[in-house]
1. How far, in nm, would the chain grow between residue 122 and residue 35 when pulled straight, counting 0.36 nm per residue and subtracting the alpha carbon separation?
2. Would you mind computing the Rg to Rh ratio of the chain from its alpha-carbon coordinates, Kirkwood style for Rh?
3. Report Rg/Rh for the range 60-101, rounded to two decimals, where Rg is the Cα radius of gyration and Rh the Kirkwood radius.
4. Quick query: amide H of residue 33 versus all other amide H atoms, modeled in the peptide plane; which residues come in under 5 Å with a sequence gap of 5 or more or a different chain?
5. Just tell me which lysines come within less than 21 Å, Cα to Cα, of residue 21; anything on the same chain fewer than 8 places away is out.
6. Please tell me the relative contact order of the range 60-101 in percent, rounded to the nearest whole number, where contacts are Cα pairs under 8 Å and at least six residues apart.
Amino acid sequence: MSQMPRPSNERNQMTAAAPNKILFERANIKITETRFETGFETFPIKKISGVRIDVEKRNTHIGIPLALVGLAALFAGALSNFPVFIVSGAAFIVGGAMLCLGRVRRSVVLTSRGRDIKVVTSKDAALIQAIMDALQDALSRRA
């Protein structure tokens, strides 16, 4: 006596679960149509209500006075032939310029359940913009 094979539910489950298209993947960050994975946390796209980029401001309020003190020390050292003032003045000028001209950090901020969550921060503006574009694409596909 041979038994008739039963219809399998596996095939029905496979057709019901469509492949999850990857919209962005780099290092430990992955964005699909349904999930946003940062390597530390996973956020369902359906629970994200908004996304934006925050830009950290430059430290000009510290850098400019630091460079001005360095310039004054440099002139004082040059006029008095005191090498410690010359070296320290040059160091202060360089430090102040680095604070003023340093690369700005950008962050991707998600709004989920009425609160803002900073999920990715980088000095790479192109990376942050690519993540933002992929998240907006995933949010638009959700609708």
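1. 29.3 nm
2. Details: Rg = 27.2 Å, Rh = 19.5 Å.
Rg/Rh for the chain comes to 1.39.
3. 1.03
4. Close amide H contacts, sequence-distant or interchain: 21, 23.
5. Answer for residue 21, where 21 Å is the Cα cut-off: 30, 46, 47, listed by chain and number.
6. 52
Throughout, read-outs are computed from the coordinates displayed, never taken from laboratory work. Being a predicted model, the structure only gives us computed values, none of them experimental.
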